[in-house]
Ligand SMILES: Cc1cc2nc3c(=O)[nH]c(=O)nc-3n(C[C@H](O)[C@H](O)[C@H](O)COP(=O)(O)OP(=O)(O)OC[C@H]3O[C@@H](n4cnc5c(N)ncnc54)[C@H](O)[C@@H]3O)c2cc1C
Ligand code: SF4
């Protein structure tokens, strides 16, 4: 870990300014991802701006019947919220499928969205990794890639976005609210929030340096059956090989997002439209153009079978 | 004391204390955090500096330059040790690769430098600032590719002598060719990590030219010897103290980099130094269970009697390393007149392969016991019956050697009854529970019993307290407790009147912890010392009768009864002895047996495999403490679930290292993976193995578990997976369509 300075911000715009005006600065949420990465010198911020005092820990109704979740709301609090459990159950299920109880107590909503990949080569600073050290190469291509992405990849990086919560948020069409150093705010649809690697895999999201997430907003409830199905090698405490967040309506229409398969939660309009035609049709649409590796081509079959399991669950629910 | 004739009746047979499910005598200290572990020896070393190890960034090659100037100048840095300033280091007799690299690098994450600083954080930061240049060399990292040039190597026998690389009995080729029912299949097991909770850890301090290391180690005498050798010190200048060890599984059998580097760091700074190896280094810096490729051929007549058994295993290791002896159990487990076992060793430039819990048998049974399941199916036989009719009561290679005690059949039969084996449908893929395919599997468990020379010292104090001292270790196994029970039984006192002190090289040399030899050997050593102490007590108290009774804190003969403590009223009585073994293990094959039964559920959609219930029936001689023994067995069963379903050190065959080198990437079972576990111990006492009449159980519980799970998965799905671990991608394409 490199030496760094630390401050506790007192206002959202102030926090944004503190980071914006300091080239190596980062926000500190629960620290469960950032601090681990700092210990390994994968992240080397020179200054941390702690946002715990910004009162971003409220969950409140929006005027159009949705829900606004403060950036600092913990995973535990969010997943236990009665309105979330009732109206956005896919979100509760996704969060509770992630990490462990202790981690979810610390993990914040914004920090969770911004958790970095779990590609094993990203974690080993002896190895080439374009995401960690731009231009150094990608050790995972031609290496061990069983966990990595099958679609949305590039020749520079095949890592996945590893999280669960964001997959549900994608299915729910959430938006991300931010503020910058000037106090300007913007609203980013979750679909546009994470980016594909292209030639710059070191950039995970569309956030600018010093742009602070203040909230994640859910539109008004869409009803339907809410399923989150996460498949992994052990029963708990592991990242998804494949996950499926599905919301299916009584008329058979619905929406589905996949986790563990791409650099971002993976959803497409064409795939949603195919839901009435069954899992195979959905996966065919969602994964058109997939470029799996030898190690991870099973994810395509697994995605289909996992979605089939989710749809069967809907039928019996 | 020499154990060379079967044990007669002795004080242990009373089983007033031994054989009872006593709580761990060290339990309270552990749960209150007062048991001192190696990295937390503030009690004896309040002012240690912190060491941090930098691992090599390449698998094979040379260090062409090390620039420590920047790191050296960082705040709080006291010393940096590399091969350039470490002085001469001699390879210990039990190490294959050097513990400090330079200039050659022999494997990934081999230690390259130690930074010593005022705080852990400063040492870590400075380690990252060391710049090392390497010249990479090509290496061999792919076992399957290297297997072609593997050499025959039988590995070492239990007594350390070389085993023949090939054992041939009868005419395997002829019998196999003639057999009406045959199987020829190849199985693979991956490299596995010990992944013990406590990493390698040492606190080291010098007093003049004498070194003490408080460390986490299973084998005190080996490690003392190798530390002295490595540093060029006389053995009597080295003290190793390891009273509490947070797990080892074989990973802590040997001297490792933490101890050597802490000693060097302490020398360089003139201050005590402590090191706990960071988790990401624990997988490539350490030893591991080597991967195997195993070919098994079985031939049987139509009645199901095996006529031919062949088991060949190939593993790899660094030059000078030894093979994984995965064919060992096949020499002894089933009868058949024609037999062939062979081992091959390839050169690999991966980290050193070495013992991990049940070395040999754990990997060997993962293959052999699937083969037995496949063969039973070919024969149309129940897999339990198939194993039973091929039982042997003698060493199949040397029929004049009977087993000292062998109740494999009873394990299988009792287990089948307890588990509800009759509910199994022999046709795979037939049982369903909602979206799950249900399967049952069985495997035999087998692990040799090994006895090692073991010494102890016992002291009777004025207060009647009996103190035992031996360098035996307790790696979470329960050694403290069974040794206390042994001494209490022998001296006729309550267990609360016994104090046990372990793990210090100043104490008499024990068998140590490994190979499931620890419990029987070390308690036998305590037995021997207690026999001497009893003689001294009887003499002191003027008993003329040959063998007075020691009961309830008194010594009795006829109607004379004297308080035990009276024997020490003029001063402590001390006795020391060593138990050694000779003869009986040549005359009798000494092994432990068991049967594992497993029920699994396979998600018909996703292929996820989860274990639903497990049963182990064990026949392992006298069970010294059913509670600690059960803990050993359920822990081993848990490890077996890991080995079957998820554990694999993934080799990057280009760069030559284990990629998933942390506990996120190297998955071991979590609570949610472990279902209901049941353990049954058969009531045994084996008089051929020791006066304790006990054998080991610590490894038996792992042997066969993986295959029982694999067989259950096959029974559930009808898809046979022969490559561990059984992850869902290996059968997904063959599962029922959805
Ligand atoms: C062992 C382990 C297992 C895990 N398993 C899972 C799992 O199965 N599924 C899963 O989804 N996750 C899992 N996680 C990840 C976990 O969910 C994340 O670590 C956590 O959500 C991160 O939240 P945090 O608040 O601690 O973020 P931090 O570590 O504090 O921050 C993460 C990043 O977000 C930035 N940041 C934080 N807040 C803001 C803000 N308001 N605006 C802008 N930037 C901000 C930080 O600068 C940093 O770059 C696991 C983590 C661990 C350690
Ligand atoms: S896949 Fe991406 S994160 Fe992994 S090594 Fe390649 S560039 Fe790095």
> Along the principal axes of its C-alpha atoms, what lengths does the range B:261-382 span, in descending order and rounded to whole Å?
Replying inline: 73, 28, 21
> Where does each of B:550-556, A:141-147, B:189-195 land if you order them by average Cβ count within 10 Å, highest first?
Replying inline: B:189-195, A:141-147, B:550-556
>> Counting only other chains, and only Cβ atoms inside 10 Å, what mean value do you get across the residues of A:40-49?
In response: 1
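What number, rounded to the nearest 500 deg cm²/dmol, is the helix-based mean residue ellipticity at 222 nm of chain A, given -39500 (n - 2.57) per DSSP H run of at least four residues and division by all its residues? Walk me through the numbers before you get to the answer.
Values: 12 runs with 89 residues, N = 317.
Using -39500 (n - 2.57) per qualifying helix, the result is -7000 deg cm²/dmol.
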> Roughly how crowded by other chains is peptide A:300-307, in terms of the mean Cβ count from those chains within 10 Å of each of its Cβ atoms?
Replying inline: 4
> Peptide B:605-612: average number of partner chain Cβ atoms within 10 Å per residue?
Replying inline: 6
>> Can you tell me how the range B:496-600 classifies by the Cα gyration tensor, rounded, prolate or oblate, using a/c under 1.5 as the rounded cut?
In response: prolate
> Among A:20-27, A:60-67, B:103-110, how do they line up from the highest to the lowest mean number of other beta-carbon atoms within 10 Å?
Replying inline: B:103-110, A:20-27, A:60-67
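Defining a contact as two alpha carbons under 8 Å apart and six or more residues distant in sequence, what relative contact order in percent does the range B:227-386 show? Don't skip to the answer; put the middle values down first.
On the way: 235 pairs, mean separation 33.3, N = 160.
Result for the range B:227-386 is 21 percent.
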> At what distance in angstrom do the alpha carbon centres of the range A:288-304 and the range B:611-644 lie from each other?
Replying inline: 39 Å
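Normalising by the residue count of the range B:181-303, find the relative contact order in percent from Cα pairs under 8 Å and 6+ residues apart. It would help to have the intermediate numbers written out before the result.
On the way: 223 pairs, mean separation 54.1, N = 123.
Averaging sequence separation for qualifying contacts and normalising by length gives 44 percent for the range B:181-303.
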>> Show me the ranking of peptides B:312-323, A:292-303, B:612-623 by mean Cβ neighbours inside 10 Å, starting with the highest.
In response: B:612-623, B:312-323, A:292-303
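Provide the FRET efficiency to the nearest 0.05 for the residue B:654-residue B:131 pair, computing r from the beta carbons and using R0 = 25 Å.
On the way: r = 24 Å, r/R0 = 0.94.
The computed FRET efficiency comes out at 0.60.
222 nm [θ] for chain B, helices only, -39500 (n - 2.57) per DSSP H run of 4+, per residue, to 500?
-7000 deg cm²/dmol
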> If you count the DSSP beta bridges with both ends in chain B, what percent of them are antiparallel, to the nearest 5?
Replying inline: 75 percent
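Pull out a ≥ b ≥ c, the square roots of the eigenvalues of the alpha-carbon gyration tensor of the range B:1-102, then state rounded if a/c is under 1.5, prolate if not and a/b is larger than b/c, and oblate in the remaining case. Write down the numbers at each step before the final one.
Numbers: a/c = 3.92, a/b = 1.92, b/c = 2.04.
Cα axes put the range B:1-102 in the oblate bin.
Could you put A:211, B:374 in order, starting from the residue whose Cβ has the fewest other Cβ atoms within 10 Å? Write out the running numbers ahead of the final one.
Numbers: A:211 22, B:374 19.
If I rank by nearby Cβ atoms, fewest first, I get B:374, A:211.
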> Could you put B:327, B:186 in order, starting from the residue whose Cβ has the fewest other Cβ atoms within 10 Å?
Replying inline: B:186, B:327
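For the protein assembly as shown, what is the convex hull volume of its Cα atoms per residue in Å³? Intermediate results must be reported in sequence, preceding the final value.
On the way: hull volume 184.3 nm³, N = 1055.
Each residue corresponds to 175 Å³ of Cα convex hull volume.
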>> Within a 10 angstrom radius of the beta carbon, how do B:657, A:193 rank from fewest other beta carbons to most?
In response: A:193, B:657
> When the Cα centres of the range A:158-178 and the range B:273-293 are compared, how far apart do they sit, in Å?
Replying inline: 36 Å
>> With just the Cα atoms defining each centre, how far is the range B:547-574 from the range B:150-206? Give it in Å.
In response: 51 Å
> Tell me, what is the percent relative contact order of chain B, built from C-alpha pairs under 8 Å that lie six or more residues apart?
Replying inline: 17 percent
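Every number in this text was worked out from the coordinates using simple rules, so none of it is lab data. Worth saying up front: this structure is predicted, and the values here are computed from it rather than measured. Note: ideal-geometry Cβ built from the backbone for every residue, glycine included; neighbour counts use all protein chains shown.
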